[in-house]
Structure formats: structure tokens, C-alpha cells
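Notes follow once the structure below has been shown.
Each reported figure results from applying straightforward, stated rules to the coordinates on display, with no laboratory input. These numbers come from a predicted model, not from an experiment. Don't worry about glycine lacking a Cβ; one is built from the backbone with ideal geometry, like all the others, and counts go over all protein chains shown.
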Amino acid sequence: MTRYWSVCLVLGSLAWGQATSSKSVQSDQKPAVLAGDTLKATASDHSQQAKTSNVAPDTPVLTINGLCENSPAGKPEAFSCKTVITQAQFEKVIDAVQPNMPVRVRREFALRYANALVMTKRAEQMGLDHGANYEEQMKLARIQVLSKELNKAIQENISHISDKEIEDYYNHNAARFEKAEMDRIYVPKSRQPPAASDERSSDPGRQERSQGSERIMKEEADNLYVRAVGGEEFTKLQADAYQVAGIKSAVPNTSISIRRISLPVNQVSVMDLKPGEVSPVLADPSGYVIYKVKAKNTLPMDQAEEEIKATLRSQHMEEEMRGIQESATPTLDENYFLTRRPR
């Protein structure tokens, strides 16, 4: 067992890396890993990344005084030595953990990384890098790293989408890119309830009033549909719907631009209407909606390109992962997993 080791909790937030030493910092060593879900890159940080390019690769960027390769635990002379990590070595660690890590979090990461190295050294001095528990955790760490690398490799392989793939997808899924300018009325399912002080939960007539309220709003939705077919302005119809519902807030804009793919399944049929036609009253999770088509068009392929790429990447990733997962089938002993085991 070497002194360069890692202990990885598969479901944890940290992975501990190998310890560097004053003897090995000049060589091209394997980087240590310290991963966390909190280190997320943002687009605004990418421009700041160039600031680190002014630092030479062999410039020390992290020095840990007192961390030595062979110093015994608790010896004062240990503080006369140090571990030095250069810019090039630190960048390797960054690349292994999170490429393009934001500049704003690198300092925090460096401190956490240094602390991990110090703890790793102390664990080695205590002999914790030996034994069955350590070996099992190393196996789990290997599984996690290889799974992550496989996922990364697949993503890189599927990242290249050809122009022909984009064109074929666009032509075969033309309906997906349909876009319509519409007016929409939203009718709440029930009227605004009275103030809490006026409505007691124990009131035996509460349920009956609620059902009556819903019946009134459904009748109002049907009435608004007839008025919409008759050519009345949707803005006026929406205002009336809110008035009947007892809603005091401002009336929302009825004009919307919508895609077929963004509509609920039970409302997709409105995309088949012709300009000027009005949809029937359609159910909505919290009420009813009525649409009127004003104009229809199709999103040009150049505007849909990034969406298509993302869709194809997702499909390719799903296919790749399905192929891998279906290549082997796990079987569980249900007697073991379903039986309550003693603590």
C-alpha cells in the first residue's frame, strides 16, 4: 500500500486526495482530489479565468508549512519543513475536480485542499491507510471515479452533433417547432373564498358552498366561450372572469406566444386550430382556459439549432447509458433486503 491514497465516500460530499511532499513536488505527480457539490462554475467567471495565466507554471501557489513526507507525528521539527504546490500542479487538481473552476472559489478550495492533505498525513501516521475498512473504501472510491470518468467520456463523445443530424431531426419533428400567437382566457376553478375570519372549518355548509362556487365558475367559463366565439375582446372577457371569481388583482395580459411542446397534453389540440378559431373550454390544473389563435408559424431551423443539439445529446446519452446498464442485470436476494436487520 503506498502512502499516496484516497478515501472516498460514494454518497458523501468530499473525496480526499493524495498527500504531496517536499521531495515530490518537483515531479509530475498524480493530483489529489477534493470534490464538492458547492463548487459550481458560472458563465460570468470564465472571463476571470484568464487572470491565472499571468502566473508561471512553476510558481508556488500553495505552501503548507509543517507538512512533510517523513516527519513523525507531533514532532516540533516538522514545522521546519513544508510542502509546496506549484501553479501547474494546482491546475491539475482543478482539472480533475472541476475544469474552469470559478476564480472566486479557488481560494476557498485551496484551503480545503490543504486541510485535506494535512488530515491525510495525520491519518497515515496513525496507520489508517491499512486494514479491511480502508481497502473497501478504496474500492468504492475507484468505482466512483471510474463511473464519473465514463460519464464524462460519453458526454464528450456525444457532444459532436453533425449538421445532417440537426437537419434530419428538424424535418422529422416539424410539429415540435410550431409556434402560435394566441389570446388566452384563464377562468379560476372556484370563486375567491371569504376571509378566514368569516369561514369556519367546522361550518357544515362549507363543502356545499365550495361545490356551488365551482359550478358558478364552470358556467362562467362556458358563457365566456360563447362570447369569445361571438368575437368579443379577450381582455374584456378575462376581466369579467376575474370579477365573477372575486379576484381583486390586476387582470393578466391575454396575449401569449406559445409552442406546441410547452402545452399540456390535453391542450395540444389548440395548435391544430386555424387563425381566428376559438378552442373549446379546456381543463387546467386550477381552472379552465380558452384559446383563440391569432397567427401561426414555424421556428426557423437556425433558431432551433441549440435546442435540437441539446435534445439529441440527451437522447444519445440515454441510449448509451441504457446500453451499458442493460449489458448486465443485478439480482437481489429479497429475503435479505426485505428482512428487518438488527441494528
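Put a dot 7 Å past the Cα of Lys152, heading toward its Cβ, do the same for Glu178, and the two dots end up 4.4 nm apart.
For a footprinting-style exposure proxy, rank Met217, Met317 by other Cβ within 10 Å, fewest first.
So the ranking, lowest neighbour count to highest, is Met317, Met217.
Which pairs break 26 Å Cα to Cα here: Lys189/Lys248; Lys148/Lys309; Lys236/Lys296; Lys92/Lys139; Lys82/Lys148; Lys82/Lys152?
Details: Lys189/Lys248 16 Å; Lys148/Lys309 23 Å; Lys236/Lys296 23 Å; Lys92/Lys139 23 Å; Lys82/Lys148 33 Å; Lys82/Lys152 35 Å.
Going by Cα-Cα distance, Lys82/Lys148; Lys82/Lys152 fall outside the 26 Å limit.
Using θ = phi - 60° in the Karplus curve 6.51 cos²θ - 1.76 cosθ + 1.60, the 3J(HN,Hα) couplings for segment 321-336 round to 5, 5, x, 5, 5, 7, 6, 8, 10, x, 10, 9, 7, 5, 4, 6 Hz; x is entered for Gly and Pro.
With a Förster radius of 22 Å applied to the beta-carbon distance between Ser249 and Glu214, the computed FRET efficiency rounds to 0.65.
Panel order for Leu332, Leu150, Leu237, by other beta carbons found within 10 Å of each beta carbon, from fewest to most: Leu332, Leu150, Leu237. Could you tell me the calculated FRET efficiency between Arg107 and Asp272, based on Cβ-Cβ distance and R0 = 56 angstrom, to the nearest 0.05? Calculated transfer efficiency: 0.45.
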